[in-house]
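What follows is a single structure, written as structure tokens, with notes after it.
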Amino acid sequence: MQLTEHLASSIEALYNGEPWLGVTFEEHLPRIDARQATARINDSNCIWQIVNHIIFWHQRAQRYIYNEPPEKDGDLPDFYMPDNHGEENWQATLRRLQHSFEQMAATIRKFPEQELFDTFPGTDQVAIYYIQGIAEHDAYHLGQIVLLRKYQ
């Protein structure tokens, strides 16, 4: 198995597979409604903001991979919280998250294996730093989501 395939599979497993940590986004997010997604514990970000943050970083990492500017006009800000907190909008956000995971995995699969340890243009880091970092980042925030839901 190539390393890019392993990394892409790791991203997919966090969303709806069987990751080592034993929980997935698909297992937990459908149980959360819009009201729960906006709830905060003290000064924490809410689940909705965390989901949008994950989408934001998937997009940014893909832009690094494609040697594009990390930000473009019309991008939603990091930790975005929409004004419309309705259930339909929450479900749309969850569909965006699923699409984001699919796109991220597809992008990683297409990435040239021989360039994993080359520095991304415009950054000080090699490609694998961002690609592996996405999986670590997603796992971290999945843990936050699970705990926020548990302690609501």
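If we keep just the residues of the range 93-117 that are basic (Lys, Arg) and exposed (fewer than 12 other Cβ atoms within 10 Å of the Cβ), which is farthest from Arg60 (Cα to Cα)? Among those that are basic (Lys, Arg) and exposed (fewer than 12 other Cβ atoms within 10 Å of the Cβ), it is Arg95. Kindly evaluate Asp124 against the criterion of being more than 20 Å from Gly17 (Cβ to Cβ), surrounded by fewer than 19 Cβ atoms within 10 Å (Cβ to Cβ), out of contact with any strand residue (DSSP E or B) (no Cβ under 9 Å at 6 or more places or on another chain) and not β-branched (Val, Ile, Thr). So Asp124 fits the description; yes. For Phe117, the test of being outside any helix (DSSP H, G or I) and modelled with pLDDT of 95 or more is passed. Restricting the search to helices (runs of 4 or more DSSP H) fully inside the range 1-92 and requiring at least 3 residues that are surrounded by 15 or more Cβ atoms within 10 Å (Cβ to Cβ) and over 16 Å from the mean Cα position of the chain (by Cα) gives 34-38. The combined condition, being among the polar types (S, T, N, Q) and farther than 22 Å from Gln152 by Cβ, is not fulfilled by Asn42. When Arg96 is tested against the conditions (1) free of Cβ contacts under 8 Å to residues at least 12 places away in the same chain; (2) within 17 Å of the chain's Cα centre (by Cα), the lone failure is (1).
The values are calculated or read from the model by the stated rules, or taken from the named source; none is laboratory data. Remember, predicted model here, so these are calculated numbers, not experimental data. As a convention, Cβ positions derive from the backbone with ideal geometry for all residues, glycine included, and neighbour counts pool all protein chains shown.
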